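The values are calculated or read from the model by the stated rules, or taken from the named source; none is laboratory data. Given the structure is predicted, the values throughout are model-derived calculations rather than measurements. A quick note on method: Cβ atoms are made from the backbone with ideal geometry, for glycine too, and the neighbour counts reach across all protein chains shown. Protein only, heavy atoms only, side chains kept; ligands, DNA and RNA dropped before computing areas. Shrake-Rupley method; radii C 1.70, N 1.55, O 1.52, S 1.80 Å.
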Amino acid sequence: MKKVIVAGATGLVGSTIISILEERNFPISEIKFLASEKSSGKKIKFRGEEIEIRELNPEEFDGFDLAFFALDSSLASHYAIEAKNRGVKVVDNSSYFRMEENIPLIVPEVNGDTISTDDYIIANPNCSTIQCIAPLYQLEKKYGLERVIFSTYQSVSGSGKEALLDLENGTNNVYPYPIKDNILPHIDSFLDNGYTKEEMKMINETRKILGLKDLNVTVTTVRVPVSYSHCVSINVELKNDFNLDDLRELFDGKLGMVLSDNPDQNIYPQPRDAKGKDDIFVGRIRRDYSRKNALNLFVVADNIRKGAALNAVQIGELLID
């Protein structure tokens, strides 16, 4: 049994982490919820008990074993170090530590065995990256990866509660333009190379998690007017030829994936089917005849659940195993 903290407990990811800890019967002897000063004193129900939220500060980590961070990078960069210095292991959902050489970046089904007992900060990958890693890992193991092209269709919940209100009300408090009845090929800030930070996250994180530092990857990330679940169209060029039936078996019930691929019956992954689910749905699997040994996939997962909270809790389960 562990003494556990959820920091950023009132946000979409933090509240979902709390729900999943309860659902999966995570072995907890004591739990503490931390948030900003404005949320301090409010209560969250956990396992039938009303637990008061406490204000985030370094002393709150004393005596605890494990902390799940659902904080922005500016806060995570400071408080993760504070927690580590107090002997607390941290699963961090922010982008701050992901590309640090000595910080593991983990998708448990793929590279969970790379965590060591000396690791006190473990980074949770970007939501859109997480759902792509399992199918790519399977393809890399059997055929080898030559090149990957991601085109994302990302829901507004990835930007938090206020973005959901923007979608509902037609306002644009979060984005530079209204997202209702619109599509924005713009997620995070633009860089000098013309890519956005979100796009470079997917490129760099994919390489790090798969251990393929020279993998050819390019990305276009797009925000779409959908509440929950991210979709990613993946074009993959493999090193070796493949049989489509054999290839489909790599995804069917493997590594948290569900095969959703029967065009004759209009069966393919959709955001509404993935919402609230733990699974990664894979479909629209077809050969790309424009390139040798290439194929297309369409991958959908709940970005708040599998793309953030569940992956974090699964990392926590590895840490206490």
Some residue of the stretch 165-180 being over 26 Å from Pro104 (Cα atoms), of a type outside the set (A, V, I, L, M), open to solvent by 70 Å² or more (accessible area, probe 1.4 Å) and in contact (Cβ under 8 Å) with a residue 40 or more places away in the chain: yes
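This table checks each residue for (1) at pLDDT below 95; (2) crowded, with 17+ Cβ neighbours inside 10 Å; (3) in contact with a Lys or Arg (Cβ under 8 Å, 6 or more places away or on another chain).
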site	(1), (2), (3)
Arg223	no, yes, no
His230	no, yes, no
Ile234	no, yes, no
Arg248	no, no, no
Ser260	no, yes, no
Asp264	no, no, no
Pro271	no, yes, no
Gly276	no, no, yes
Val282	no, yes, no
Hits in the stretch 110-119 (condition: closer than 18 Å to Arg98 by Cβ and either buried (at least 17 other Cβ atoms within 10 Å of the Cβ) or among the charged types (D, E, K, R) (or both)): Val110, Asn111, Gly112, Ile115, Asp119
Enumeration of residues in the stretch 53-78 that are touching an Asp or Glu at 6+ places or on another chain (Cβ under 8 Å) and open to solvent by 50 Å² or more (accessible area, probe 1.4 Å): Arg54, Glu55
Residue within the stretch 131-143 that is in a loop (DSSP other than H, G, I, E, B), touching a residue at least 12 places away in the same chain (Cβ under 8 Å), among the hydrophobic types (A, V, I, L, M, F, W, C) and in contact with a Phe, Trp or Tyr (Cβ under 8 Å, 6 or more places away or on another chain) present: no
Single residue of Gly160, Gly211 found to be touching a residue at least 12 places away in the same chain (Cβ under 8 Å), within 18 Å of Asn93 (Cβ to Cβ), surrounded by fewer than 21 Cβ atoms within 10 Å (Cβ to Cβ) and not polar (S, T, N, Q): Gly160
Answer from Val219, Val236 - the residue that is outside any loop (DSSP other than H, G, I, E, B) and closer than 26 Å to Glu101 by Cβ: Val219
Residue list for the stretch 40-98, restricted to those being in a loop (DSSP other than H, G, I, E, B), more than 22 Å from Ala309 (Cβ to Cβ) and acidic (Asp, Glu): Asp62
Scope the stretch 221-255; condition within 17 Å of the chain's Cα centre (by Cα) and among the small types (Gly, Ala, Ser); matching residues: Ser227, Ser229, Ser233
Selection from the stretch 84-104 of residues that are in contact (Cβ under 8 Å) with a residue 60 or more places away in the chain, of a type outside the set (D, E, K, R) and crowded, with 21+ Cβ neighbours inside 10 Å: Val88, Val91, Asn93
Neighbours by Cβ (under 6 Å, 6+ apart or cross-chain): first from the stretch 269-281, under 17 Å from Ile234 (Cα atoms); second part of a loop (DSSP other than H, G, I, E, B): Pro269/Ser260; Pro271/Val226; Pro271/Ser229; Ile280/Gly256; Phe281/Ser260; Phe281/Pro269
Condition broken by Lys197, with the remaining ones in (1) out of contact with any strand residue (DSSP E or B) (no Cβ under 7 Å at 6 or more places or on another chain); (2) open to solvent by 50 Å² or more (accessible area, probe 1.4 Å); (3) closer than 23 Å to Arg272 by Cα satisfied: (3)
Qualifying positions in the stretch 13-39 - part of a helix (DSSP H, G or I), more than 16 Å from Val91 (Cα to Cα), within 23 Å of the chain's Cα centre (by Cα) and not acidic (Asp, Glu): Ser19
Residue satisfying condition, being more than 21 Å from the chain's Cα centre (by Cα), β-branched (Val, Ile, Thr) and either closer than 21 Å to Arg248 by Cα or open to solvent by 60 Å² or more (accessible area, probe 1.4 Å) (or both), within set Ile130, Ile183: Ile183
